[in-house]
Amino acid sequence: MRFWSLTTAQLINTKRAMTLVCREDERIEYFYQKNSGRSAARNLGINNAANKWLLFLDSDDMLADNALSFLASKIEDYPEAAMIGGTYIVIDEGS
């Protein structure tokens with residue numbers, strides 16, 4: 001069983017690059033659609049997700065090094081949970 005997989009639905013055409021990335025790692029799936037907005041891209045990802053749990057990460061977001069292992073431990077601690085949340089830090093790269 002796979003611990004994680006990545007399903008990506010881009011708002012822009014990165015089909016060639018993602019096709020190459022997908023060849024390198026079978027956990028990564030890429031679905032292309034014409035730009036229909038963020039909600040449509042997320043819905044495409046949701047509809048094609050192969051796992052029970054989803055994590056939304058936008059193009060301007062970054063995950064902490066231990067984020068996935070932390071979330072996985074919380075899933076194990078609370079198997080009845082329907083949603084696991086976290087926190088965020090705002091980094092102003094303009095200053």
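Considering only residues that are touching a Ser or Thr at 6+ places or on another chain (Cβ under 7 Å) and either surrounded by 10 or more Cβ atoms within 10 Å (Cβ to Cβ) or at pLDDT 85 or above (or both), which ones fall in region 44-77? Spell out the reasoning first.
Step one: filter region 44-77 for residues touching a Ser or Thr at 6+ places or on another chain (Cβ under 7 Å), giving 45, 48-51.
Matches in region 44-77: 45, 48, 49, 51.
For region 9-26, what are the residues that are within 18 Å of residue 59 (Cα to Cα), part of a loop (DSSP other than H, G, I, E, B) and modelled with pLDDT of 75 or more?
Hits for region 9-26: nothing passes.
Would you be able to tell me the number of residues in region 27-38 that are among the charged types (D, E, K, R), assigned to a loop (DSSP other than H, G, I, E, B) and either more than 18 Å from residue 56 (Cβ to Cβ) or touching a helix residue (DSSP H, G or I) at 6+ places or on another chain (Cβ under 8 Å) (or both)?
1
Would you check which residues across region 78-95 are modelled with pLDDT under 90, of a type in the set (Gly, Ala, Ser) and either surrounded by 10 or more Cβ atoms within 10 Å (Cβ to Cβ) or closer than 19 Å to residue 64 by Cα (or both) and list them?
85, 86 - these are the residues of region 78-95 that are modelled with pLDDT under 90, of a type in the set (Gly, Ala, Ser) and either surrounded by 10 or more Cβ atoms within 10 Å (Cβ to Cβ) or closer than 19 Å to residue 64 by Cα (or both).
The values are calculated or read from the model by the stated rules, or taken from the named source; none is laboratory data. Everything numeric here is computed off the predicted structure, so don't read it as measured data. In this analysis, Cβ positions are derived from the backbone assuming ideal geometry, glycine residues included, and neighbour counts consider all displayed protein chains.
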